[in-house]
1. In region 206-226, what count of residues is obtained for those that are over 13 Å from ASN336 (Cα atoms), open to solvent by less than 60 Å² (accessible area, probe 1.4 Å) and in contact (Cβ under 8 Å) with a residue 12 or more places away in the chain?
2. Of everything in region 269-297, what is open to solvent by 60 Å² or more (accessible area, probe 1.4 Å), closer than 17 Å to ILE320 by Cα and among the small types (Gly, Ala, Ser)? Give them in sequence order.
3. If SER245 passes every condition in (1) part of a strand (DSSP E or B); (2) polar (S, T, N, Q); (3) within 13 Å of ligand 1 (Cβ to nearest atom) but one, which one does it miss?
4. Run PRO231 past the list (1) touching a residue at least 60 places away in the same chain (Cβ under 8 Å); (2) away from ligand 2 (no atom under 16 Å from the Cβ); (3) under 26 Å from VAL195 (Cα atoms) and report the number of the one that doesn't hold.
5. Among the residues of region 25-45, which ones are farther than 12 Å from ILE134 by Cα, out of contact with any helix residue (DSSP H, G or I) (no Cβ under 7 Å at 6 or more places or on another chain) and away from ligand 1 (no atom under 15 Å from the Cβ)?
6. Whether any residue in region 250-267 is within 16 Å of ligand 1 (Cβ to nearest atom), surrounded by fewer than 21 Cβ atoms within 10 Å (Cβ to Cβ) and either under 22 Å from HIS69 (Cα atoms) or of a type in the set (A, V, I, L, M) (or both) is what I want to check.
7. Among the helices (runs of 4 or more DSSP H) lying completely within region 1-105, list those that include at least 2 residues that are open to solvent by less than 60 Å² (accessible area, probe 1.4 Å) and within 16 Å of ligand 2 (Cβ to nearest atom).
8. Kindly evaluate PRO61 against the criterion of being of a type outside the set (Asp, Glu) and over 25 Å from PRO193 (Cβ atoms).
Amino acid sequence: MKAEIVTMTAEHPDRAALERAGEILKKGGLVAFPTETVYGLGGNALDPKASIKIYAAKGRPSDNPLIVHIAEFDRLTEIVTEIPQKAKLLAEKYWPGPLTMILPKAPVVPKETTGGLQSVAVRFPSDRIAQELIKAAGGFVAAPSANTSGRPSPTTAQHVIEDLGDAIDMIIDGGQVGIGLESTIVDFTEEIPVVLRPGYISLEMLRETLGEVRMDRGLLITDSKVRPKAPGMKYRHYAPKADLSIVEGPTEAVVAAINGYASDAEQAGRQVGIIATDETMEQYPKGIVKSIGSRAEEETIAHHLYEVLREFDRCQVSAIYSEAFYTPRMGQAIMNRLLKAAGHKVIKVSQD
Ligand code: TXA
Ligand code: MG
């Protein structure tokens, strides 16, 4: 293990360790840190060499741009050339928080950080450890999720250690993250704001503040000719090792269908994994059953999704079947990630 691990809480940040972490970043090193969404892999956003190191550590294609994290709204003007009125409104409402905005980049932001694009993604996280670290590092920290490219995003420091412990300089363990899904991304480089990645802040919430908002067509259509505008959304992310399928339909029919697959597998000497909810988990007598959370509290589902996918990578299962989670507010974000993990394999069942 190469990385130094330091542990702290948001209530009691370890100032000395944060200063050290800031120094590492200023010198071009890499530090993983907690945010309210998922853990980030930080490097100095204005240093092209640091961005190149981030891509190498994650094994990420270098055309997939990074998000620049700030800890003071006023410093936004240093890295963008224009802040449209609507972006200001949204920042007032949701920053600091799980919102990323795409804006035209200023020349100080190197093309290595933006994957060659003329725009830059910016986020002001609410997590206090993240804020202190960004300030200690000089104000601009580029940070993708701190997972190996293609694996589920990390929601605990342990996940970061598994993926990147040997590749980076320091990991700040601030405990489990609050939300568990990456930030909502809104593109302001077009006349009408466009959602490039759904997240905790839903389309309806955005429309309440901004009026007209579009969903990126590449997110709605599973046609390979319509490319998502956020380069990162085109990759098959979060893929678990076993084949994952989503079973969709009325609950009783879904439970019956999944139990059928579990029985067939058992007869063939195999075992399936099942992603259930607190409400249904007792109804699956066979297979390895994990509850993702409660339908009555959709936050719990978002919070456990990546963890459950990672846990199944450690189990010997021949296939994984998941219920669908079109919950009222975060359903769009949850299903966006789950569908990607499943490579859009959906089995539709009905009640007969
Ligand atoms: O919650 C989050 O946003 C986390 C935490 C660490 O802040 N970060 C995160 O970063 O999810 P990452 O790199 O895993 O995802 C960034 C996404 C990618 O899909 C990327 O293509 C898109 O943002 N993106 C970045 N800059 C962009 C730009 N200028 N135009 C369009 N998409 C952009
Ligand atoms: Mg990511």
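The values are calculated or read from the model by the stated rules, or taken from the named source; none is laboratory data. All values derive from a computational prediction rather than experimental measurement. All Cβ positions, even for glycine, are placed from backbone atoms using ideal geometry, and neighbour counts span all protein chains on display. All accessible areas refer to the heavy atoms of the entire protein, side chains included, with ligands and DNA or RNA removed. Shrake-Rupley method; radii C 1.70, N 1.55, O 1.52, S 1.80 Å.
1. 4
2. GLY269
3. That leaves (3) as the condition not met.
4. Unmet condition: (2).
5. LYS27, GLY29
6. No, because not a single residue in region 250-267 is within 16 Å of ligand 1 (Cβ to nearest atom), surrounded by fewer than 21 Cβ atoms within 10 Å (Cβ to Cβ) and either under 22 Å from HIS69 (Cα atoms) or of a type in the set (A, V, I, L, M) (or both).
7. 48-58
8. Yes; evaluated as a whole, the condition is true for this residue.
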